[in-house]
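*Asks:* My questions will all concern the structure given below.
The values are calculated or read from the model by the stated rules, or taken from the named source; none is laboratory data. Here the structure is a predicted model, which is why all the values come from computation and not from measurement. Don't worry about glycine lacking a Cβ; one is built from the backbone with ideal geometry, like all the others, and counts go over all protein chains shown. Calculation scope for accessible area: heavy atoms of the full protein, side chains included, ligands and nucleic acids excluded. Shrake-Rupley method; radii C 1.70, N 1.55, O 1.52, S 1.80 Å.
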Amino acid sequence: MRSAFHHSKIGTFFQAEPRLGNPYAGDQFLQRLLKRLLPAEIFADIHSDLMRLGKRIEDEIDPLGIECEMNPPSLNQTDPWGKRLDEVVTSRAWKRMKDISAEEGIVASGYERKYGEYSRIHQFAKCLIFHPSSGLYSCPLAMTDGAAKTLEVLKLPQYNEVYSRLTSRDPSKFWSSGQWMTERRGGSDVANGTETVAVKQTDGSYKLFGYKWFSSATDADISLTLARIVDDKGHAQEGSSGLSMFLLKTRKEDGSLNNIHVMKLKNKLGTRSLPTGELLLDSTDAELLSEPGRGVACISNMLNITRLHNTTGSISAMRRVILLARDYSMKRSCFGSKISEYPLHIDTLADMELECRAGTVLLFELVRFLGLQEAGKATEEEELIFRLLTPVAKLFTAKRSMGVVSEGLECFGGQGYIEDTGIPAILRNNQVTPIWEGTTNVLSLDMLRAVAKSRGKAFLSLQSALTRRLGNVVEKRKDLQPACDRLLKEMETLIEMASKFEVSEAMARARIIAFAVGEIASGMLLLEQAVDTESPTDLHAARRWIKNVTDVQKKLTEADPVESTNSFDMVFDGYLG
Ligand code: UCC
Ligand code: FAD
């Protein structure tokens, strides 16, 4: 008998690989959601654009994204004679991604307002399918969107040209933006962490001096940043009220850097295709955009947009790993059957699918609000819910997506751990989403601040929206009454318990509260999807989700009392310092 293993032969079995296909065509849930949210003629238009983009992603953009991942940026700091260059060298694919982003209007489609209040839904649907194939070019685009939004809100005519470049579809005009907030002392606590100072010049402009510790997309054309204005005596005010927001161009008219030194590129776990650098600002020309001392409030226009993009990134990482794992489950056989035939494997995939659907409805609820707000149609209730749910959606989807993507890797067995399948990069790249744009704890506290600033009205607005909208759900399907009651009870308990907390107690429980809000809001949105589409899988998803919603009373009651030192002692047991 001839052996299959001799000479150059390496066996006869080769596993069929998972294929992506058109990521929009394969996402029926997203299609049904968009159909629900959009008027019929707008849906028809957007649907055909997304089908086209999905095909372009499959054929052209995804291979470029892989090329970006394989060719990370490098830094040419000096020429052979020691002269400073600070040249960030990026790949052909990365540069091409910038042009494609402009052509596709990934930012522009949010500002042209072709579909009025629905334009943002179109834009974020594009981002959702684009992100995992974009080689992380979605990161500079998120910041570009945030900068465009900030300029739009400020309505300063002298920045019309900058705004038109950020929102251009012409690759030769399109500019990207950075967002430089983090310094060595702190990225969460920018009020105490910002050391950069701004010195006023006789022409009214400023020169910045400081060290920006994390700058994603170091190759951006402009950036928004924070700094402290110094007075005639060289003093600067400390804390948040000493911070102002500036706009700077990264290059001068002659193409040289604007007195910016790229000190190094970061060596990162993931997002390796993204040039993240440390920057020294040494007399960098900048212009004051905010009122002096209102830097944090002003840059929060940007933060709230980039946090929506972060939510988009987390959800699309889940969707990507699910699309691949689903395809693989039909191709891989174990113990004599395709793995898709094992209920245990399907149950694993179903849990992943559920998280992805819950995140998707939450994202599009916020995107819908954003569109309404920009069209001047948002009610006070919607504004309050928008502010409340933006940090919640970011932290909720980022954290939960890490569990899903990790599970996703396991769906491929050992191959899920092999770099050149491209699958581990989904996990490495996604691990940043809980960290940047505000960590999970910091955003839980941000949510509480939004509640406190509204004197509790943000929670009450969510509760009254739940009552009204779940009432509509029950009107359409009586059998969903128990599921709706469950959500209303959890919301009621949450408000009742949270309103009795001391500030320190609420802060210590901020994460529990934020995740509960995320679960409840997603539950309502999944129920609405189920009754509107009448799709059996949407109904199954809503029921399965609500069965797993956290028992808020139990969770909050069982949390450690704030005054207890038990947890501290447990963590530091044996710590030698
Ligand atoms: O990490 C970064 C990554 C860039 C890449 C992005 C890619 C996106 C995804 C791509 C696809 C995957 S850039 C750096 C991001 N850094 C952060 O997110 C900082 C996290 N820390 C916080 O958010 C903190 O809560 C701070 C910095 C906002 C806290 O600062 P303060 O000064 O202590 O803040 P206050 O006192 O709470 O707020 C000052 C003012 C208040 O307004 P007034 O004075 O009118 O009462 C707040 O209400 O700012 C207002 N404010 C806000 N308003 C603060 N935050 C917000 C907000 N989110 N929305 C509206
Ligand atoms: P810290 O603030 O030191 O946080 C450390 C830990 O303490 C965290 O777990 C946090 O949750 C916890 N913590 C902090 N405060 C509290 C509290 N009050 N209660 C409970 N827990 C708390 N920044 C930019 O400005 N621009 C960029 O372009 C940019 N790009 C980035 C790219 C990458 C790849 C990465 C990894 C980061 C980037 N960042 C950028 C920085 C990022 O925004 C910060 O790292 C992040 O906001 C956290 O700040 P920190 O690193 O100072 O962590």
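*Asks:* Leaving out ligands, DNA and RNA but keeping every protein chain, what accessible area does D532 have, in Å² rounded to the nearest 10, with a 1.4 Å probe?
*Replies:* Taking all protein chains as shown, D532 has close to 70 Å².
*Asks:* Let me ask something else about it. Determine the distance separating the Cα centre of the range 202-225 from the Cα centre of the range 292-368; give it in Å without decimals.
*Replies:* About 33 Å separates the Cα centre of the range 202-225 from the one of the range 292-368.
*Asks:* Could you give the distance between the Cα centres of the range 508-549 and the range 39-70, to the whole Å?
*Replies:* The two parts, judged by their Cα centres, are 28 Å apart.
*Asks:* Also: Separation between the R113 and L488 pseudo-spin-labels, each 7 Å from Cα along Cα→Cβ, expressed in nm?
*Replies:* 3.8 nm
*Asks:* Can you tell me the order of 407-415, 276-284 when each peptide is scored by its average per-residue count of other Cβ atoms within 10 angstrom, highest first?
*Replies:* 276-284, 407-415
*Asks:* Right, here's the next one. Would you work out what percent of the accessible area of the range 440-562, with all protein chains in place, is carbon or sulfur (probe 1.4 Å)?
*Replies:* The nonpolar share, carbon plus sulfur, comes to 54 percent.
*Asks:* Next question, about the same structure. Separation between the S535 and S504 pseudo-spin-labels, each 7 Å from Cα along Cα→Cβ, expressed in nm?
*Replies:* 4.9 nm
*Asks:* Cβ under 15 Å from D532's Cβ, D532 left aside: what net charge do those residues give with Lys, Arg +1 and Asp, Glu -1? Before the final figure, lay out the partial values.
*Replies:* Numbers: positive: R32, K35, R36, R357, R368, R469, K476, R477; negative: E365, E475, E528, E534, D538.
Net local charge, D532 excluded: +3.
*Asks:* Now for a different question. Calculate, for the chain, the solvent-accessible area per residue in square angstrom, rolling a 1.4 angstrom probe over the heavy atoms of the protein chains.
*Replies:* Details: 26430 Å² over 577 residues.
Here the per-residue accessible area is 46 Å².
*Asks:* I'd like to know which of N160, L303, H47 lies farthest towards the positive end of the charge dipole of the chain, counting +1 on Cβ of Lys and Arg and -1 on Cβ of Asp and Glu.
*Replies:* The residue sitting most towards the positive pole is H47.
*Asks:* How long are the semi-axes of the equivalent ellipsoid of the range 177-296, defined as square roots of 5 times the Cα gyration tensor eigenvalues? Whole Å, largest first.
*Replies:* 23, 17, 11
*Asks:* F13 label point, 7 Å along Cα→Cβ, cut-off 15 Å on backbone N: hits in the range 329-356?
*Replies:* 331-339
*Asks:* DSSP beta bridges in the chain, what fraction antiparallel, as a percent rounded to 5?
*Replies:* 85 percent
*Asks:* Still on this structure: Just how much of D99 is accessible, in Å², when a 1.4 Å probe is used and the result is rounded to the nearest 10?
*Replies:* 50 Å²
*Asks:* Report the per residue volume, in Å³, of the convex hull enclosing the C-alpha atoms of the range 304-426.
*Replies:* In the range 304-426, the Cα hull volume divided by residue count equals 105 Å³.
*Asks:* Here's another thing I want to ask about it. Of the listed peptides 185-192, 427-434, what is their order by residue-averaged count of other C-beta atoms within 10 Å, with the highest listed first?
*Replies:* The peptides rank, most packed first, as 427-434, 185-192.
*Asks:* Hey, any idea what % of the range 177-296's accessible area is carbon plus sulfur with a 1.4 Å probe?
*Replies:* Summing carbon and sulfur atoms, their accessible area is 45 percent of the total for the range 177-296.
*Asks:* Continuing with the same structure: Could you give the length gained by full extension between R36 and W81, i.e. 0.36 nm per residue of separation minus their alpha carbon distance, to one decimal place?
*Replies:* So the chain would gain 9.9 nm between R36 and W81.
*Asks:* What is the sum of charges, Lys and Arg at +1 and Asp and Glu at -1, for the other residues whose Cβ falls under 15 Å from the Cβ of K453?
*Replies:* +1
*Asks:* Can you pull the semi-axes for the chain, root of five times each eigenvalue of the Cα gyration tensor, sorted largest first, whole Å?
*Replies:* On the way: eigenvalues 279, 212, 125 Å².
They are 37, 33, 25 Å, listed largest first.
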